[in-house]
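Student: Shown below is the structure under consideration.
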Amino acid sequence: MSGKREWEERTYRPFVERTPERAVRFESLSGIPVEPLYTPEDLADRTYEERLGYPGEYPFTRGVYPTMYRGRLWTMRMFAGFGRPEDTNARFKYLLAQGQTGLSTAFDMPALMGYDADHPRARGEVGKEGVSISTLDDFERLFADIPLGEVTTSMTINCTASVALAMYLAVAEKQGVAWDRVGGTMQNDMLKEFIAQKEWICPPEPAVRIVTDMIEFTARHVPRFNPVSISGYHIREAGSTAVQELAFTLADGLGYVEAALARGLDVDSFAPRLSFFFDIHNDFFEEIAKLRAARRMWARFMKERYGATQPESMRLRTHTQTAGVSATAQQPLNNIARVALQALAAVLGGAQSLHTNSYDETWALPTEEAVTVALRTQQVIAEETHTALTIDPLGGSYYLEALTDRMEAAALDYVRRIDAMGGMIRAIDAGFPQKEIADAAYRYQLMDDRGEKVVVGVNRYAMHDERPIHYLRIDESVELEQIEKVRRFKAARDMTRVERRLEQLAEACRNGSNVMPVLIDAVKDYASLGEVSDVYRRVFGLYREPIIF
Amino acid sequence: MAERTVRVVVAKPGLDGHDRGAKIVARALRDAGFEVIYTGLHQTPEQIVATALQEDADAIGLSVLSGAHNYLFKRVLELLREKGAEDVAVFGGGIIPPEDIAGLKAVGVKELFTPGTSTQDIVRFVREHVRAAV
């Protein structure tokens with residue numbers, strides 16, 4: 001009999017019979033059963049080299065770089081965007097002055113869905129959930145006085161990411177920065193839009209084709225740019241389990257790899273620039289295990305399934321963000337503690353970049369004060385906790401390694417099911433990931449409602465007289481002012497040039513040539529984000545979602 | 001004659017794609033025995049009111065997490081009044097700051113549910129405040 005079983009019978013069980021354990025579910029947030037104890041016996045099925053290896057080497061479980069945070073700390077990248085371009089520009093400058101090391105742009109809903117500020121569908125939404133962008137003029141004001149050759153910028157934008165990339169490159173050019181010096185990341189992960197974030201214009205096939213155009217274009221002309229950030233964040237926020245987040249994200253990644261291979265690209269020419277984005281939720285060890293499992297799984301897929309030969313192609317580099325959905329409106333200062341613990345998990349999980357949420361985001365977009373606390377939380381972890389001194393400090397923890405293995409196995413099972421459906425686009429058409437997520441979200445809600453999952457300050461330790469907090473208001477005049485500015489700007493353009501560019505773009509969409517070169521010319525002639533999106537709508541048609549709840 | 005089952009349209013107005021809450025509420029109301037029509041995403045106020053009239057709905061539940069609630073909720077109420085359908089109860093939820101809640105209730109939104117609300121509170125609200133039209 002194993003030593004662990006002997007211990008259970010000799011010491012643990014008799015003790016539990018006398019002194020019962022707490023009446024809680026001993027399972028991870030994703031429902032993985034958690035045993036009272038893990039020992040070397042739980043790790044007997046694989047060798048150290050198979051399971052873990054060494055940092056900077058295949059299968060990268062312990063980290064993608066040889067020195068990890070000893071060489072360079074993770075990038076502290078706070079997501080910011082609201083109001084007019086100049087409002088966000090001021091926030092960017094503030095964050096850089098506070099020691100932030102990269103920019104991350106939030107766009108408003110009209111920009112994310114392909115409408116200019118002056119479109120009727122934009123009413124009520126201009127500058128509300130992010131910065132308002134319609135033309136290159138807005139983009140120039142957004143990045144005014146920010147040296148694009150020195151700062152890397154991440155942009156959370158998807159169905160209109162091609163327009164944002166075109167505008168970013170046009171601004172760089174105007175600043176005199178060569179494209180091969182421009183670094184940054186476009187989220188541009190359309191598959192997860194259909195699964196979770198739900199911002200789209202056209203159906204999955206043409207949407208992925210435009211993503212592939214961008215992968216191809218940046219591989220050739222903007223080599224420091226990550227053309228896609230394959231995102232689990234939204235999948236998780238929409239209600240998935242950690243295992244589903246891991247599985248669907250990697251399956252989306254496989255979808256892009258296959259699309260790029262079908263385009264005729266060599267795997268090692270584009271794979272090194274694929275980047276990832278994961279949510280970091282409350283279950284501390286499960287989240288660390290998820291990042292480690294993701295690295296190992298991706299490395300194996302790239303090497304074994306696609307024959308990548310460069311280590312850079314097998315490296316899963318990831319941005320992370322603390323879980324917005326874990327924040328509570330009740331006793332909002334408690335969110336600072338949640339964010340700190342989640343941020344620590346991201347660091348112990350070996351993330352390359354991190355956004356920490358602000359405590360007031362269940363009320364509105366964050367105030368400057370709340371954002372500062374969130375950024376300082378990362379700085380405290382980096383400078384005061386000494387957790388960044390050695391590589392993968394939790395590697396070898398019996399529990400963590402067993403959990404990593406378990407998550408990998410469960411996620412692989414999902415990936416096989418998606419493969420059997422014919423890949424992620426087919427799975428989306430069938431509503432498979434959407435249904436899995438909706439079911440998990442509903443289960444979580446029922447657990448909350450019944451108090452089976454404790455939410456501190458909400459279904460336990462609630463307080464009745466809560467002090468109101470100060471939160472950010474976006475003045476209603478911002479919308480009217482922005483609409484007016486965009487109208488005036490658009491009216492002053494040379495419309496013959498704009499129309500000719502849009503026709504060239506439509507032709508590229510139809511004949512299958514890469515849209516990026518003509519799109520860059522189009523935005524330089526001030527074709528707007530909404531007009532480009534109209535071309536996509538006209539040529540590719542609109543996506544209609546299956547109604548699943 | 002037995003009372004007809006209450007019919008609720010759960011809708012996502014505007015461009016915002018955050019549908020986790022709307023879907024959970026739709027499912028909780030369905031599980032509680034109401035007839036639920038979920039519109040799907042990115043609906044204009046005009047589309048939502050048309051659906052409500054077409055489906056003979058007794059209530060509309062609106063979910064907005066993009067900050068555009070002031071415009072979108074008010075527009076739905078305005079359109080219902082124009083169509084003479086002000087008896088359709090409008091309630092909603094999302095990231096809605098307290099001072100906006102007061103303003104929206106003043107123009108006729110029956111109730112607003114913010115983060116941390118139990119689905120049972122929403123079910124109870126519909127049970128107590130929405131009657132099936134005869």
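Student: Tell me the residue from A:ILE280, A:ILE235 that is surrounded by 24 or more Cβ atoms within 10 Å (Cβ to Cβ), within 14 Å of chain B (Cβ to nearest Cβ), among the hydrophobic types (A, V, I, L, M, F, W, C) and within 15 Å of the chain's Cα centre (by Cα), please.
Tutor: A:ILE235
Student: Can you tell me which residues in segment A:104-122 are touching a strand residue (DSSP E or B) at 6+ places or on another chain (Cβ under 7 Å) and away from chain B (no Cβ under 12 Å)?
Tutor: Selection gives A:SER104, A:THR105.
Student: Looking only at segment A:149-174, which residues are farther than 18 Å from A:ASP521 by Cβ and either in a loop (DSSP other than H, G, I, E, B) or within 13 Å of chain B (Cβ to nearest Cβ) (or both)?
Tutor: Passing the criteria: A:GLY149, A:GLU150, A:VAL151, A:THR152, A:THR156, A:ILE157, A:ASN158, A:CYS159.
Student: Which residue out of A:ARG209, A:ARG220 is out of contact with any strand residue (DSSP E or B) (no Cβ under 9 Å at 6 or more places or on another chain), away from chain B (no Cβ under 14 Å), assigned to a helix (DSSP H, G or I) and without any contact (Cβ under 8 Å) to a residue 24 or more places away in the chain?
Tutor: A:ARG220
Student: Then there's this: Here are the criteria: (1) modelled with pLDDT of 95 or more; (2) outside any helix (DSSP H, G or I); (3) away from every other protein chain (no Cβ under 14 Å). Tell me which single one B:LEU53 does not satisfy.
Tutor: All conditions are met except number (2).
Student: Given the condition crowded, with 23+ Cβ neighbours inside 10 Å and modelled with pLDDT under 95, answer yes or no: does some residue in segment A:371-378 qualify?
Tutor: Yes, that holds for at least one residue.
Student: If you don't mind, another one. Under the condition of being part of a loop (DSSP other than H, G, I, E, B) and of a type in the set (Gly, Ala, Ser), which residue from segment B:14-42 is farthest from the other protein chains (Cβ to nearest Cβ)?
Tutor: B:GLY33
Student: Of the residues A:LEU291, A:LEU333, which single one is away from every other protein chain (no Cβ under 14 Å) and closer than 27 Å to A:THR390 by Cβ?
Tutor: Every option except A:LEU291 fails the conditions.
Student: Helices (runs of 4 or more DSSP H) wholly in segment A:1-120 with at least 2 residues that are over 30 Å from A:VAL478 (Cα atoms) and under 30 Å from the mean Cα position of the chain (by Cα) - which ones?
Tutor: Because the criterion is at least 2 residues that are over 30 Å from A:VAL478 (Cα atoms) and under 30 Å from the mean Cα position of the chain (by Cα), the helices (runs of 4 or more DSSP H) in segment A:1-120 that meet it are A:48-51.
Student: Could you give me the residue pairs with C-beta distances under 8 Å whose first residue belongs to segment A:329-345 and is touching a residue at least 40 places away in the same chain (Cβ under 8 Å), whose second residue is charged (D, E, K, R) wherever it lies, and which are 6+ apart or on separate chains?
Tutor: Taking only residues 6 or more apart or on different chains, the pairs are A:GLN330/A:GLU466; A:GLN331/A:GLU466; A:PRO332/A:ASP360; A:GLN342/A:GLU287; A:ALA345/A:GLU287.
Student: Can I ask one more? Name the helices (runs of 4 or more DSSP H) wholly within segment A:377-481 that hold at least 2 residues that are aliphatic (A, V, I, L, M) and within 14 Å of chain B (Cβ to nearest Cβ)?
Tutor: Per the criteria, A:432-449.
Student: Among the helices (runs of 4 or more DSSP H) confined wholly to segment A:492-549, which include 1 or more residues that are among the polar types (S, T, N, Q) and either at pLDDT below 95 or under 30 Å from B:GLY21 (Cα atoms) (or both)?
Tutor: A:529-540
Student: Further, regarding this structure: Would segment B:67-89 turn up any residue that is in contact with a Phe, Trp or Tyr (Cβ under 8 Å, 6 or more places away or on another chain), touching a residue at least 24 places away in the same chain (Cβ under 8 Å) and part of a strand (DSSP E or B)?
Tutor: no
The values are calculated or read from the model by the stated rules, or taken from the named source; none is laboratory data. In this text, all values refer to a predicted model and were calculated from it rather than measured experimentally. Glycine gets a Cβ as well: all are built from the backbone with ideal geometry, and neighbour counts include every protein chain shown.
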